[in-house]
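Take a look at the structure set out below.
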């Protein structure tokens with residue numbers, strides 16, 4: 001190899017490296033964003049209740065504390081797509097949908113979300129315990145698990161402030177092995193879970209409204 005070739009080869013390598021870093025090799029793939037879609041569920045209720053609810057921002061298990069779509073394809077394994085993501089993190093999406101669904105019932109005097117600093121008689125808090133795609137050889141499933149707490153904000157007795165705590169879990173098969181099918185399946189799971197949560201909230205607050213004590217229920 002002569003002196004010219006010895007000089008030329010490093011220059012070609014550096015030029016190729018610079019071209020790749022500057023994007024000359026082509027634009028990066030687009031990131032696709034997904035969001036569940038479902039109609040607010042209707043619940044079996046008798047009459048509106050004189051309560052104002054605030055839905056707080058939810059906590060989330062660390063595996064799902066991101067807007068990247070998480071999938072499980074083997075025991076003890078969690079991975080996430082790079083170019084397929086939720087529009088927002090599950091900790092933001094889930095309380096948004098629950099607040100929308102609660103308000104759509106028209107059964108409460110008011111419903112506010114966590115970014116509205118207004119007084120409320122009751123507060124809904126929760127944690128997203130599972131929100132992922134479960135991959136199996138034959139099909140995928142959308143896995144959803146929430147833990148909900150309904151709290152009486154105006155109850156001075158701390159021991160009576162929590163009206164109920166309950167976990168809700170659902171899984172829904174995906175029609176195809178695609179992120180779009182996962183989103184549709186997660187939408188169906190969220191619709192069923194929301195209906196169960198709304199029904200439980202209404203029944204508990206209906207019992208409170210019939211009690212002579214408006215906090216956590218009848219005193220012993």
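Below is a table of values for the structure above.
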read-out: Contour excess over end-to-end distance, with Cα ends at residue 176 and residue 158 and 0.36 nm allotted per residue; value: 1.7 nm
read-out: Whole-Å semi-axes of region 31-210's equivalent ellipsoid (Cα gyration tensor); value: 32, 16, 14
read-out: Prolate/oblate/rounded call for region 38-120, Cα gyration tensor, a/c under 1.5 rounded; value: prolate
read-out: Label-point separation, residue 81 to residue 138 (7 Å along Cα→Cβ), nm; value: 2.4 nm
read-out: For q = 0.20, 0.22, 0.24, 0.27 Å⁻¹, Debye-computed log10 I/I(0) when each Cα of region 138-183 counts as one equal scatterer; value: -0.68, -0.75, -0.82, -0.91
read-out: Mean Cα-pair separation over length for region 31-210, i.e. relative contact order, pairs under 8 Å, 6 or more apart, %; value: 26 percent
read-out: Residue order, fewest to most surrounding Cβ atoms within 10 angstrom, among 105, 193; value: 105, 193
read-out: Simple label model, 7 Å out from Cα along Cβ direction - residue 169 to residue 195, nm; value: 2.1 nm
read-out: Beta bridges by DSSP in region 31-210, antiparallel share as percent, to the nearest 5; value: 65 percent
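A short reminder: the numbers here are calculations on the coordinates, not readings from a lab. Just so it is clear, the model here is predicted, and its values are computed rather than measured. Backbone-built Cβ (ideal geometry, glycine too); neighbour counts: all protein chains shown.
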